[in-house]
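Single-structure report; data block below.
The values are calculated or read from the model by the stated rules, or taken from the named source; none is laboratory data. These numbers were taken from a predicted model, which means no experiment stands behind them. Don't worry about glycine lacking a Cβ; one is built from the backbone with ideal geometry, like all the others, and counts go over all protein chains shown. Just so you know, the surface numbers come from the protein's heavy atoms only, side chains and all, with ligands and any DNA or RNA stripped out. Shrake-Rupley method; radii C 1.70, N 1.55, O 1.52, S 1.80 Å.
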Amino acid sequence: MKIVVRRDDAALAVLKSLKKGPVSGEEIATKLGVSRTAVWKAVEKLKKAGYVIDARKRVGYVLVSSPEFSAYEVADVCFANGILEVHHYSSIDSTNEKAKEKQGIVVIADRQTAGRGRRGRRWYSEEGGLYFSISLPPHLNMEDLPKLTLTTGVAVCEALSFANAKLKWPNDVLVGGKKVCGVLCEVVGEAESPAVVVGIGINVTNPIPDELKDIATNLLEFGVGRKEIFEKVVGNFFRLYRKLPSDWEEIRQRWKELSDTLGRIVEIRVAERLYRGIAVDIDESGALILDSNGKVERIFSGECFYLQR
Ligand code: BTN
């Protein structure tokens with residue numbers, strides 16, 4: 001299944017009508033100023049997206065049930081934030097790869113066959129998780145990109161406040177000390193002010209593979225659905241993104257408040273180099289400040305390991 005929802009999609013308006021109660025094709029057609037065939041096509045699109053819609057004699061179309069998640073349900077929050085299209089796949093290789101093809105879209109998948117993590121790792125993407133990518137037109141300079149990464153972490157962490165989520169540098173989101181979300185920001189092209197794809201993977205009800213159970217978790221026990229989480233993350237993300245780069249200071253302070261990393265003794269791997277020390281701060285440029293036996297190290301990206309629990 002692949003569904004693409006655009007702002008002017010008649011199916012969106014038809015769905016809004018159906019949610020109010022049974023309605024005839026003729027009535028919807030008149031209300032929306034489209035043909036009855038257009039209404040029928042919109043209903044077929046909605047059925048493809050998982051809505052159960054009956055056509056009953058003398059009653060009209062009846063919305064019997066809605067899917068647990070659909071692009072139509074989350075389109076409003078996307079369009080309200082300037083997104084042009086919402087793409088929803090039942091299965092795809094990687095939403096980040098798809099999102100690189102066009103600026104201003106959001107790509108969501110129920111599962112990924114080649115989900116990618118940071119540092120070339122695989123991202124387990126079984127059904128039940130929330131996997132999506134936001135493709136952003138150029139807005140930030142290259143040197144502001146570490147800020148975008150940290151900002152995305154704050155957006156997710158705040159959305160998962162019901163689970164008392166915390167941030168592990170640079171942008172893992174932890175629940176109960178285990179990773180529940182990963183963020184993969186990728187630059188598209190080589191311009192001074194590049195387009196960026198922000199990929200977010202959140203373990204919602206998807207099972208965690210046995211080999212990862214010590215370090216990863218999901219949100220199953222909280223009983224919160226993908227739709228609600230998606231809306232909160234996307235709403236938070238754009239609220240904060242609009243503040244970049246001018247109000248970065250506010251976001252930086254918020255990152256520090258939500259941090260699980262600051263104050264810990266950590267080891268940071270950056271390519272071949274290894275840094276050890278106390279994580280003391282995030283500076284104005286978005287770098288992690290490490291106190292390494294009195295020597296101050298500024299680190300922009302890398303892999304962080306806690307040396308103490
Ligand atoms: C990490 O290693 O922590 C980052 C994981 C990012 C996973 C998300 S899922 C949606 C998007 N598509 C991908 O292939 N990866 C990101």
Determine whether ILE208 is more than 15 Å from the chain's Cα centre (by Cα) and in a loop (DSSP other than H, G, I, E, B).
yes
Among strands (runs of 3 or more DSSP E) entirely within the stretch 266-309, at least 3 residues that are touching a strand residue (DSSP E or B) at 6+ places or on another chain (Cβ under 9 Å) and crowded, with 16+ Cβ neighbours inside 10 Å occur in 273-282, 288-292
Among residues of the stretch 147-165, those that are open to solvent by 20 Å² or more (accessible area, probe 1.4 Å) and more than 15 Å from the ligand (Cβ to nearest atom), counted
5
Do we find that ARG122 is in contact (Cβ under 8 Å) with a residue 40 or more places away in the chain, open to solvent by 10 Å² or more (accessible area, probe 1.4 Å) and of a type in the set (Lys, Arg) in this structure?
no
I'd like the full set of residues that are closer than 22 Å to PHE79 by Cα and modelled with pLDDT under 95, limited to the stretch 139-165.
HIS139, LEU140
Has the stretch 33-40 got any residue that is among the aromatic types (Phe, Trp, Tyr) and closer than 19 Å to LYS227 by Cα?
no
Of all residues in the stretch 100-116, count the ones that are open to solvent by 10 Å² or more (accessible area, probe 1.4 Å) and near the ligand (Cβ under 8 Å from one of its atoms).
3
CYS78 fails exactly one of the following numbered conditions: (1) part of a helix (DSSP H, G or I); (2) not assigned by TED's automatic domain parsing to the domain that holds SER135. What is the number of that condition?
(2)
So which residues in the stretch 179-193 are out of contact with any His (no Cβ under 9 Å at 6 or more places or on another chain), touching a residue at least 40 places away in the same chain (Cβ under 8 Å) and over 28 Å from ASN164 (Cα atoms), if there are any at all?
VAL187, VAL188, ALA191, GLU192
Please determine, by comparing only the residues of the stretch 1-24 that are touching a Ser or Thr at 6+ places or on another chain (Cβ under 9 Å) and part of a helix (DSSP H, G or I), which one is least open to solvent (accessible area, probe 1.4 Å).
LEU15
Checked against (1) free of Cβ contacts under 8 Å to residues at least 24 places away in the same chain; (2) surrounded by 18 or more Cβ atoms within 10 Å (Cβ to Cβ); (3) not assigned by TED's automatic domain parsing to the domain that holds VAL234, VAL43 satisfies every condition except (1)
Can you pull out every residue in the stretch 68-99 that is surrounded by fewer than 19 Cβ atoms within 10 Å (Cβ to Cβ) and modelled with pLDDT of 95 or more?
ASP76, PHE79, ALA80, ASN81, GLY82, LEU84, SER90, SER91, ASP93, GLU97
